[in-house]
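Structure record follows, encoded as structure tokens.
A short reminder: the numbers here are calculations on the coordinates, not readings from a lab. Because the structure is predicted, anything quoted here is derived from the model rather than measured. Please note: Cβ atoms are built from the backbone with ideal geometry, for glycine as well, and neighbour counts cover all protein chains shown.
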Amino acid sequence: MSTDDPAGRASRMPPETTPPRTAPPLTMPPRTARLMDLTRAAFCDPYEIVDWPESVGDDAQCLPDRLISIVDTGAFDALDRAGRRRLSLFECANLFSVLLHGEKAYVAGLAARIHEPATASHAEYLHALIDEENKHMYLFSQFCTRYAGGVYPDHGFPFPADGPKEETDLVFYAQALLMEEMFDHLNRAVVGDPSIDSTVRRIHQIHIDDEARHISFGRAHLEDLVERLAQTAGAGRLLAIGAYLDRYMTVMLERLANPRVYQDAGLDDAYALRRQALASEGVRSLHAAATVRSRGFLTKLGLVGPEQAA
Amino acid sequence: MTDRSPETETEADAKTAIEGWLLAHTSHPIERIAHDQDIVTGRILDSLRFVDLILLIEELSGRPVDRAGLDMNGLGLDDFRTIDAIWNRFFKTP
Ligand SMILES: [Fe+2]
Ligand SMILES: [Fe+2]
């Protein structure tokens, strides 16, 4: 059928019962419009933004000690400087991999939701956000592939969602925000340490700059979603969701202790080492520092009770 | 398909270890998990704990769950639905 066939066109017209689409054009909420302007101003070419050197971490660590999962174990004490540099490279690749897999899930979920009525007015910005997350995934995967033998595998598994859509949507956007806030803390810890490899710091800095906008959007959006859910769900339901989100934060951060990393760095008893790392004071205090801001926000929203916030 | 051959000591040990781990990590107030009990539908295991289960399987079986170093490609929830299924999928085959 040729495209200028009037009969063909007529047959593709919606039936007469379809109401005419007279709704006014959607306007972005002012905050989102502002984020869109900032996004335009920050637009970059991901294929040019980093000058990839031949190798990284030859004479610098790729992560500060504080961010190395086994920092508080005897296995770390036993490593010499070269061993620590090598471990820090794989730990950094794992951090990027965990973040990449989280962003991958976020992008997939956003793509599925973007033009739904609940987010339609934000859609223009969300397209830009997906673009930025894709750029991040590109940069992280380039790092892992060039210097660490590839991206570490994703062991998450998409369980079928259960519960009403308002709740699964809220959990979805909340998880994305929490991931962004926790990794913002980690990104800043790397950038703030001038002894860290300059390419690694550059990647973390790019991420910090973009994520500031995502976090601004995510906080406002989550506030809206909680407000809407609170009209129908009781406080107990909100606290149950909050408890789940709290566990989500722990599980995400625990993924930074990866037995494969220890094996790649030539360390023995990788699985036992992970348990030792997760029980250590160093990891506990890092987790507390990386989640303190988010816990405060969840408390303010009524998702975490004041007594659970500590 | 039911495998009626008696359990070897290795098999019994692995299954008991997985059951013990699940009991220690579930929010359900239960004391036993039958090895043919559905742990997914009943949410004895939830999606957040799943990553840790993978690590446990790897540690006990001595080999990576993602055989080719890939993501979870080719695996389905049914591979983890019961303790028996986990054994069959990740321990039994050479
Ligand atoms: Fe990102
Ligand atoms: Fe983001």
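Among the cysteines of the protein assembly as shown, those with no neighbouring cysteine Cβ under 4.7 Å are A:C44, A:C144. For A:D59, what is the net charge nearby, where nearby means another residue's Cβ is under 11 Å from its Cβ and Lys, Arg count +1, Asp, Glu -1? Spelling it out: positives minus negatives among the neighbours equals 0. Enter the angle in degrees (range 0 to 90, nearest 10) between the Cα long axis of helix A:198-230 and the first principal axis of the Cα atoms of chain A, meaning the one along which they spread out most. Between helix and principal axis, roughly 50 degrees. Above 40 Å, the calculated P(r) of the protein assembly as shown contains 24 percent of its Cα-Cα pairs. Between B:E9 and B:N88, the C-beta separation translates, for a Förster distance of 25 Å, into a calculated FRET efficiency of about 0.90. Treating r as the C-beta distance of B:D36 and A:A112 and R0 as 45 Å, the FRET efficiency rounds to 0.85.
Taking 10 °C and 1.306 mPa s as conditions, region B:1-53 diffuses translationally at an estimated 130 µm²/s according to Stokes-Einstein applied to its Kirkwood radius (Cα pairs). Each label point was placed 7 Å from the Cα along the Cα-to-Cβ direction; for A:E281 and A:D51 their separation is 4.3 nm. Residues whose amide H comes within less than 5 Å of that of A:I114, counting only those at least five positions distant or on another chain, are absent (H built at 1.01 Å from N in the peptide plane).
With respect to chain A, whose longest principal axis is taken over its alpha-carbon atoms, helix A:165-191 is tilted by about 40°. Global size of chain B: 12.8, 37 Å for Rg and Dmax (C-alpha atoms, Rg to one decimal, Dmax whole).
Charge dipole of chain B (Cα centre as origin; +1 on each Lys and Arg Cβ, -1 on each Asp and Glu Cβ, all else neutral): 120 debye, rounded to the nearest 20. Measuring between their Cα centroids, region B:1-57 and region A:36-54 lie 47 Å from each other. Rounded to whole numbers, the Karplus 3J(HN,Hα) couplings from phi for region A:90-103 are 6, 4, 5, 4, 5, 4, 5, 5, 4, 5, 4, 5, x, 5 Hz, using 6.51 cos²θ - 1.76 cosθ + 1.60 with θ = phi - 60°, and x at Gly and Pro.
Once the mean of 1/r is taken over each pair of separate Cα atoms and inverted, region A:207-270 shows a Kirkwood hydrodynamic radius of 15.0 Å.
Relative to the present Cα-Cα distance, how much length would full extension add between A:D224 and A:T250 at 0.36 nm per residue of separation? Working shown, then result.
Numbers: separation 26, 0.36 × 26 = 9.36 nm, distance 2.47 nm.
Separation in residues times 0.36 nm, less the Cα-Cα distance, equals 6.9 nm.
Extension gain for A:R202 to A:R293 (0.36 nm times residue separation, less C-alpha to C-alpha distance): 30.4 nm. Model label points for A:A212 and A:A243, set 7 angstrom from Cα along the Cα-to-Cβ axis, are 3.8 nm apart.
Run down the lysines and flag those whose C-alpha is under 26 Å from the C-alpha of A:K104, throwing out any fewer than 8 positions away in its chain. Excluding near neighbours in sequence, the set is A:K135, A:K165.
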